[in-house]
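Written out below as structure tokens is the structure these notes cover.
The values are calculated or read from the model by the stated rules, or taken from the named source; none is laboratory data. Note that this is a predicted model, so its numbers are computed, not measured. As a convention, Cβ positions derive from the backbone with ideal geometry for all residues, glycine included, and neighbour counts pool all protein chains shown.
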Amino acid sequence: MATIISDTSRTFSEYLLIPRLTRKNQGTESVDLRSPLSAIEPNQLPRFSLNIPVVSACMQSVSGTSLSIALARQGGLSMVFCSQPIDSQVEMVRMVKSHKAGFVTSASNTTADTSLADVMQLMRESGHSTVPVTDDGTATGKFLGLITDQDFWEFEDDLENKVGEHMTPIDNVIYGVDGISLREANNLLHKHKKDCLPVLDAAGNLTSLVFKKDYVDHRRHPLEMLDDSKRLCVGAAVNTHDYKERVPELIAAGADVICFDSSDGFTEYQMEAITWIRTNFGPEIVIGGGNIVSAEGFDFLVGDPGIDFVKVGMGGGSICITREQKGVGRGQASALLDVVQRRDEYFSKTGRYIPLCSDGGLANDTQIVIALAMGADFVMMGRYFAMTEESPTPKTSIDGQMYKPYWGEGTHRAQNWQRYDDGMSSRKMMFEEGIDAYVPLVGSLSEVLETTLYKVRSTMVNLGANSLADFRESAVLTRVSEQSVVEAGTSSVFQFSRNREFDDSDWGNTG
Ligand code: IMP
């Protein structure tokens, strides 16, 4: 006969945290939100950590290039979606990896005999006001000088004049030599009051540019996720079908993390794929598996050859209809608590720590806090990011309010049959597990995230916790009754023009 679990399937909104002692010297600025993303072997440090405990979902309407760049700059990580051809996913990863951060390959270049009119056009189209001049007009040609929009006057100079007549020639340009460190390059910019430093190789060819604005930007984003070469970090989703072709290309393009995108990761297909990746790319590659919702699923995934982190969640996503379509899934809080308990037991037994990601269904900032308190190391969100300026979808005005489209990977629109494939290799979706919807536009990712993370830090201070590890250790949670949910809202007061639906503390949850 079937086993019936005695506990009810519960959600985050059924829990509250009890405050603990806040110490006098504690403030939100002293709270460290760093979180491991890779498995931690006994007595070792994690190979990969997030600076904030947030990743974006492997979804077409979420994790595109702009969002990946914006999130990495804030200290989180995107998982570029895999429901697209390998080439275009690889191109997205490449674009994130080549985004600034220190030494950049010059994107706009010209030759000395180009006209001012043409170089002006180039500056307008690219938005670059400083353009290197090389013998062949490429980013790696012999460096001849620099031309900026300050070197000529549009309405005074003859625009048929050649760049060579107006540029600053190499003899008057401050430049660095290949091998120079970023710190040395920035020191040169500072000392000579320059905005741009060309870096040349021994033969005088241009290799890269270093910009003052990037330095300033970096100082403004101290939590930026950078790899050893100072490139932004990015994750890439994969499926259990074409991984033998997809994974090598993503790794070659510089993806820092490989993350399985599957509604059900408790499968032999996923284990086969993990084994293939480990066999071919070794223990260094950071791999995330899932999704699972039980201790049994956790035991399966962390066994040989082992993965780095596990995503927990099935059926809770804001656009998800899996539970009603198929009758599988589990309340997100119950799923997470079950897996956290098994993860902690596994840690006590083996000394290996496996980070957990709570994926989907987070309807507001409070639920992020509860997920972290319950033992998630980080959270994965779709709708939260779909609502930002940087998500890859166009803004749409509906009744005077700005919205963005947001659709599940299990919709006909996404055509991500690989995510839901049950092994029948039908290669078509028989029914949908997600919906096609709109979400309100809430602003830039950095603004929204700043408020969310401030709330997380503030709650951690309420519990006297300075780190996420302290937080889950000291967390005491209580279940709430329906009456106490009512009590938590305002009572017996009138509030004019408060639109609860789109308030910033409630992200317009419909699910
Ligand atoms: P959200 O943050 O509540 O919007 O949930 C995002 C999560 O929903 C993703 O990370 C996936 O795990 C899951 N998901 C994405 N597309 C679908 C779908 O079409 N059906 C069910 N779940 C989905």
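For region 414-428, filtered to residues that are at pLDDT 75 or above and part of a loop (DSSP other than H, G, I, E, B), the residue that is farthest from the ligand (Cβ to nearest atom) is GLN415.
Taking region 458-487 as the range and being more than 30 Å from THR8 (Cα to Cα) and part of a helix (DSSP H, G or I) as the test, the residues that pass are SER458, VAL461.
One residue is enough: does region 207-217 have a residue meeting the conditions touching a residue at least 12 places away in the same chain (Cβ under 8 Å), closer than 23 Å to GLN150 by Cα and basic (Lys, Arg)? Yes, some residue in region 207-217 is touching a residue at least 12 places away in the same chain (Cβ under 8 Å), closer than 23 Å to GLN150 by Cα and basic (Lys, Arg). Take SER229 and tell me if it is over 25 Å from the mean Cα position of the chain (by Cα), within 16 Å of SER181 (Cα to Cα), outside any helix (DSSP H, G or I) and of a type in the set (Ser, Thr, Tyr). No, not satisfied. Residue count for region 316-364, restricted to those that are acidic (Asp, Glu) and within 16 Å of the ligand (Cβ to nearest atom): 2.
I'm trying to understand the selection: among the residues of region 340-379, which are among the charged types (D, E, K, R) and touching a helix residue (DSSP H, G or I) at 6+ places or on another chain (Cβ under 6 Å)? Of everything in region 340-379, those that are among the charged types (D, E, K, R) and touching a helix residue (DSSP H, G or I) at 6+ places or on another chain (Cβ under 6 Å) turn out to be ARG342, ASP365. In region 117-133, the residues that are at pLDDT below 90 and of a type in the set (S, T, N, Q) reach residues that are part of a helix (DSSP H, G or I) and crowded, with 16+ Cβ neighbours inside 10 Å with C-beta atoms within less than 9 angstrom, at least six apart or across chains, in these pairs: SER129/MET123.
May I ask you to verify whether THR411 is at pLDDT below 90, within 16 Å of the ligand (Cβ to nearest atom), surrounded by 15 or more Cβ atoms within 10 Å (Cβ to Cβ) and hydroxyl-bearing (Ser, Thr, Tyr)? Yes: the conditions hold for THR411. Scanning region 119-137 turns up no residue that is out of contact with any strand residue (DSSP E or B) (no Cβ under 6 Å at 6 or more places or on another chain), of a type in the set (Val, Ile, Thr) and crowded, with 19+ Cβ neighbours inside 10 Å. The residues in region 154-169 that are in a loop (DSSP other than H, G, I, E, B) and either surrounded by 10 or more Cβ atoms within 10 Å (Cβ to Cβ) or in contact (Cβ under 8 Å) with a residue 12 or more places away in the chain (or both) can be counted, and the count is 7.
Quick grid of which residues meet (1) under 29 Å from ARG47 (Cα atoms); (2) aliphatic (A, V, I, L, M); (3) buried (at least 24 other Cβ atoms within 10 Å of the Cβ):
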| residue | (1), (2), (3) |
| --- | --- |
| VAL312 | yes, yes, yes |
| LYS326 | no, no, no |
| ARG342 | yes, no, no |
| PHE347 | yes, no, no |
| GLY351 | yes, no, no |
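Scanning region 279-311 for residues that are part of a loop (DSSP other than H, G, I, E, B) and small (Gly, Ala, Ser) returns GLY282, SER294, GLY303, GLY306.
So, in region 384-407, of the ones that are under 18 Å from the mean Cα position of the chain (by Cα) and assigned to a loop (DSSP other than H, G, I, E, B), which residue ends up farthest from SER446 (Cα to Cα)? If we take residues in region 384-407 being under 18 Å from the mean Cα position of the chain (by Cα) and assigned to a loop (DSSP other than H, G, I, E, B), then THR393 is farthest from SER446 (Cα to Cα).
The single residue among SER35, SER56, SER61 that is within 16 Å of the ligand (Cβ to nearest atom) and over 23 Å from SER98 (Cβ atoms) turns out to be SER61.
Cβ separations smaller than 8 Å between residues 6+ apart or across chains give the following pairs from region 310-324 residues that are hydroxyl-bearing (Ser, Thr, Tyr) to residues that are surrounded by 24 or more Cβ atoms within 10 Å (Cβ to Cβ) and part of a helix (DSSP H, G or I): SER318/ARG383. Residues in region 54-89 that are touching a residue at least 24 places away in the same chain (Cβ under 8 Å) and among the hydroxyl-bearing types (Ser, Thr, Tyr): SER56, SER61, SER63, THR65, SER66, SER68, SER78, SER83. Filtered by the rule that a residue be out of contact with any Lys or Arg (no Cβ under 8 Å at 6 or more places or on another chain) and either without any contact (Cβ under 8 Å) to a residue 24 or more places away in the chain or not β-branched (Val, Ile, Thr) (or both), region 105-116 gives SER106, ALA107, SER108, ASN109. Of the numbered criteria (1) at pLDDT below 90; (2) of a type in the set (Gly, Ala, Ser); (3) under 30 Å from the mean Cα position of the chain (by Cα), the one GLY179 fails is (3).
Considering region 269-314, the residues that are within 16 Å of the ligand (Cβ to nearest atom) and among the hydrophobic types (A, V, I, L, M, F, W, C) include one that is farthest from GLY361 (Cα to Cα), namely LEU301.
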